[in-house]
Amino acid sequence: MNTEIVYDITEGSLKRAADIILDGGLVAFPTETVYGLGANALDSSAAEKIYAAKNRPSDNPLIIHLSRAEDAEKYCITNDLYYALAERFMPGPLTVILPKKDIIPYTVTGGLETVAVRVPSCETARRFIEAAGVPIAAPSANLSGKPSPTQARHVILDMYGRIDMIMAGEDCEIGLESTIISLAEPNPKIYRPGKVTYEELKELCPELTISEAVLKAHKGRPESPGMMYKHYSPKAEVTIIDASRSERIAFLRDKAECGILCYDEDAELLCMPYAKGIGKESSPEDQARLLFARLREFDEIDEVKQIYSPMPKAEGVGLAVLNRLIRAAGFKIIKL
Ligand code: AMP
Ligand code: MG
């Protein structure tokens, strides 16, 4: 397939993108979280093409992207809590799960009776959705299993020749996928942590809980099917080191042939050929922004067969970083 790469987001290119969507095609676009791979959410066969382009299992549902929070009314059964969350966090990196209306095809929801909705804050994403005039179903624009794309070049590497258009915009500001909260359960529940934290959501949802699948290998089908699959993995094996700073540094000293994700303050001490900083230990926001790009950088170094990472604290945005790392590592954690 011929893939058009657009570097200048103009009225003309947005119109071409919108035409592709209305014709049932696929367009990758930047958002503030990660790049999305979009199709018309009201067109079942367009949504099917997303699964094929990504090699994504068909029971792993897509998020529908809207330009205004109140548009959710047309596609799902909203409630007061949805609007309270929308008021505080939309547009932004929060996805809400609600019971779906008939207009949303089951291909989009992976067969579920619920649908996930989000209103991105990224200007290009918003203009694209408005130009299309339909909700845009989109998972991350990577091949299934790989780290999500946070730069246009990641999307080009994974999707060139597989989709109709790539909007090559800016690097993603947040770098991890949205927080997913379900309002379709007896009590609100976080299915996937992200930039909008448990602590922030708890202020509006006192009964909030976090799905067990966020940090543990689940038995059976998790509430969010995306948590079922090994995810976010570079080619090399990833292992998380659960240890104090001094123990971690001592352990890594003779691992010169390995890829090392490290906090910035550890990089100088380690002085290793394949050590890459992911921000300071005190800045989970930086770690979130850099994690996937760093994992992908190791794919370009043939020597690296093993990657070690520190273990961020499971609080605030750190919970999201830890959740992605644990999946990248396939739950492999060494406790020193
Ligand atoms: P991605 O944006 O690539 O991370 O994919 C969308 C994520 O949203 C997947 O992990 C899905 O499991 C999750 N998701 C989407 N819709 C639903 C839903 N109705 N119920 C539970 N999880 C969902
Ligand atoms: Mg994804």
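The values are calculated or read from the model by the stated rules, or taken from the named source; none is laboratory data. Fair warning: this is a prediction, and the values are worked out from it, not measured in the lab. Note: ideal-geometry Cβ built from the backbone for every residue, glycine included; neighbour counts use all protein chains shown.
The single residue among Leu66, Leu62 that is under 25 Å from Lys189 (Cβ atoms), buried (at least 20 other Cβ atoms within 10 Å of the Cβ), touching a residue at least 60 places away in the same chain (Cβ under 8 Å) and within 16 Å of ligand 2 (Cβ to nearest atom) turns out to be Leu62.
Screening Lys219, Lys235 for residues that are more than 16 Å from ligand 1 (Cβ to nearest atom) and touching a residue at least 60 places away in the same chain (Cβ under 8 Å) leaves exactly one candidate, Lys235. Regarding region 214-232, can at least one residue be identified that is at pLDDT below 95, among the aromatic types (Phe, Trp, Tyr) and surrounded by fewer than 19 Cβ atoms within 10 Å (Cβ to Cβ)? The answer is yes; a qualifying residue exists. Looking only at residues of region 36-68 that are assigned to a loop (DSSP other than H, G, I, E, B) and of a type in the set (Asp, Glu), we find that the one that is farthest from Pro147 (Cα to Cα) is Asp43. Within region 79-111, if we keep just the residues that are among the aliphatic types (A, V, I, L, M) and over 20 Å from the mean Cα position of the chain (by Cα), the residue that is farthest from ligand 2 (Cβ to nearest atom) turns out to be Ala84. So is Arg126 under 24 Å from Ala288 (Cα atoms) and either more than 16 Å from ligand 2 (Cβ to nearest atom) or out of contact with any strand residue (DSSP E or B) (no Cβ under 7 Å at 6 or more places or on another chain) (or both) or not? Yes: the conditions hold for Arg126. Of the residues making up region 90-112, those that are out of contact with any helix residue (DSSP H, G or I) (no Cβ under 8 Å at 6 or more places or on another chain) and under 12 Å from Val196 (Cβ atoms) are Gly92, Pro93, Thr95. When region 158-173 is limited to residues that are crowded, with 22+ Cβ neighbours inside 10 Å and within 18 Å of the chain's Cα centre (by Cα), the one that is nearest to Tyr35 (Cα to Cα) turns out to be Cys172.
Output the residues belonging to region 113-138 that are within 17 Å of Arg192 (Cα to Cα) and near ligand 1 (Cβ under 10 Å from one of its atoms). Steps first, please.
Step one: of region 113-138, the residues within 17 Å of Arg192 (Cα to Cα) are 114-120, 138.
Matches in region 113-138: Thr114, Val115, Ala116, Val117, Arg118, Ala138.
Remark: pairs (first residue in region 176-195, within 16 Å of ligand 2 (Cβ to nearest atom); second residue among the aromatic types (Phe, Trp, Tyr) and part of a strand (DSSP E or B); Cβ separation under 7 Å; 6+ apart in sequence or on different chains) = Ile180/Tyr191. Looking at region 6-24, can you tell me whether even one residue there is modelled with pLDDT of 95 or more, surrounded by 16 or more Cβ atoms within 10 Å (Cβ to Cβ) and in contact with an Asp or Glu (Cβ under 6 Å, 6 or more places away or on another chain)? The answer is yes; a qualifying residue exists. So, of the residues in region 137-155 that are part of a loop (DSSP other than H, G, I, E, B), within 10 Å of ligand 2 (Cβ to nearest atom) and not hydrophobic (A, V, I, L, M, F, W, C), which turns out to be surrounded by the most Cβ atoms within 10 Å (Cβ to Cβ)? Within region 137-155, the match that is surrounded by the most Cβ atoms within 10 Å (Cβ to Cβ) is Pro149.
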